1. In peptide B:34-43, what is the residue-averaged number of other protein chain Cβ atoms found within 10 Å of each Cβ?
2. Within the stretch B:220-296, report the trypsin sites (Lys or Arg not before Pro) that DSSP leaves as loop and that have at most 13 other Cβ atoms within 10 Å.
3. How much of B:LEU308 can a 1.4 Å solvent probe reach, expressed as accessible area in Å² and rounded to 10?
4. Which distance in nm do the two modelled labels at B:ALA340 and A:GLN9 give, with both placed 7 Å along the Cα-to-Cβ direction?
5. With +1 on the Cβ of every Lys and Arg and -1 on the Cβ of every Asp and Glu, and nothing else charged, how large is the dipole of chain A about its Cα centre, in debye rounded to the nearest 20?
6. Counting only other chains, and only Cβ atoms inside 10 Å, what mean value do you get across the residues of B:333-340?
7. How compact and how long is the stretch B:31-75, expressed as Rg and Dmax of its alpha-carbon atoms in Å?
8. For the peptides B:218-229, A:20-31, what is the packing order when you average, over each peptide's residues, the other Cβ atoms within 10 Å and list the highest mean first?
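The values are calculated or read from the model by the stated rules, or taken from the named source; none is laboratory data. Predicted model, so just to flag it, every value in this text is computed and none were measured. A quick note on method: Cβ atoms are made from the backbone with ideal geometry, for glycine too, and the neighbour counts reach across all protein chains shown. For the accessible areas, the whole protein counts, side chains as well, though only heavy atoms, and no ligand, DNA or RNA atoms are used. Shrake-Rupley method; radii C 1.70, N 1.55, O 1.52, S 1.80 Å.
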Amino acid sequence: MADQNLLGQFEQVVLGAVLSLGKNAYGVTIHARVVELSAPRSVTRGAVYATLDRLEDKGLVASWLSEPSKERGGRARRYYRLEKSGEQALRESAEAAKRLYDTLARSRKGLAWKTQR
Amino acid sequence: MEDAALAPPALLERVVERLLPVPARESVMGDLREVYLGPWQYLGEVACTVPRVAAAHAWRNANFPSLGLMGALIWFCLAGLRVDGEGLDASTIALALATGLLALILIQMYGDAARPTGARAIKGAIWTVGLVVVLCVWNFGLKHQRIGGTDYLLEFRMLQSLPFVLPVLGLLRTGLLLQSDRQAEHLTHDGPCALEEEHRAFSAAVRRVNWIESAALIAGAYIAPGLAGPGLWLPAIFLATAAYLSAQNIMRRTEGAGSRSDYRRQLQTRRQLRHFLSWLWAAPFLMAACRLLIWPGYENGRAILVALGSSAIVSICFLARAADSECAGLIRERMARLDAGPVV
């Protein structure tokens, strides 16, 4: 069982972005998805790269370099994919978040606030 | 034409490339180019990206036990340094130590750890002999030396024989290159199973070398004072390093099967450790050259001793650097294999 204490909120967002992008998860697309998921908060590209490195060190994601492409000046893309431990950690985080949401909803007898998009 | 209009200025890209740590250059440079809209937007992206990426890499690659041991070694060497017959004060040593450690971290982040080609390695040997020649010629001006005396003639003969040292250094360097080539040939990567096998073989080899090196370091702790002079600093560093290597072996035995990230982390740790160990093994010999040749040479006006000591130091540094760069290059090749293909 993955240790949930290791996953911060932003790490969960980044993992979610990598999972949702499937085979197209690389720096540019991951950052765009993270910005979408974190709205209205702004997210720098550097924060996403640093978090991806940290997740890779924890063994939650794996990465590899693609073939170089002309539109990137002959440079390769670094693709990311969730490892099994990453999927498990994300699932547990989502379940914990759902339990918290349900508890809050019950205790306030229905939500007194509206979620912001 | 359209592509050229959407590309950042080449000079700006080159500057950004230099600012990024080597492992992140390829992907981050490509991403920044992909989202390029204009020079000011590019600069904004660079400002938000590069410092964070550099800091993350520095933190990720900092092996604190290894840095601590390296710091202790630098402290030991600086504490023994004499300038005009006087030792350095603690604050100067501390400042030099901090600067040295920072330089080490930056070299690991930005240095090109690729193995040198044969031609570059031989050029290194030529430069080393050239440096020794310059030092010997400079020594002719040593004070209190009797022109035409025994030392003077000996030193002149030593200068004449230096060109014959070049093939020896070149052969040693080539030997290191060939040994690394043989190790690199054994590396194959035909899919995840081969990678797992490579990781297992690497872990087993590291464990074996760690035990052998721990034993050698314990023996070295007894021998080092004879070379480097009395004092407990160097033997303490030897013993601390032996303990660290043994602890690494014991910890790895209790861990489960490794993943790609585990293999990558192991490779990074190994690179830093080997860098430190190359210089740790050289340290007693460097101190011996200073203590037994250079300092007595200066004190007694014996230029031949200073020349021999200088030559020994330059040659030892050359060999330590060569061994270190071969090892770092091999590890970099292994890490490149990790990046080579899609994760299945």
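1. Neighbouring Cβ atoms belonging to other protein chains average 2 per residue here.
2. none
3. 80 Å²
4. Placing both labels 7 Å beyond Cα along the Cβ direction yields 4.3 nm.
5. 520 debye
6. 2
7. Rg then Dmax for the stretch B:31-75, in Å: 17.0, 50.
8. The most tightly packed comes first, giving A:20-31, B:218-229.
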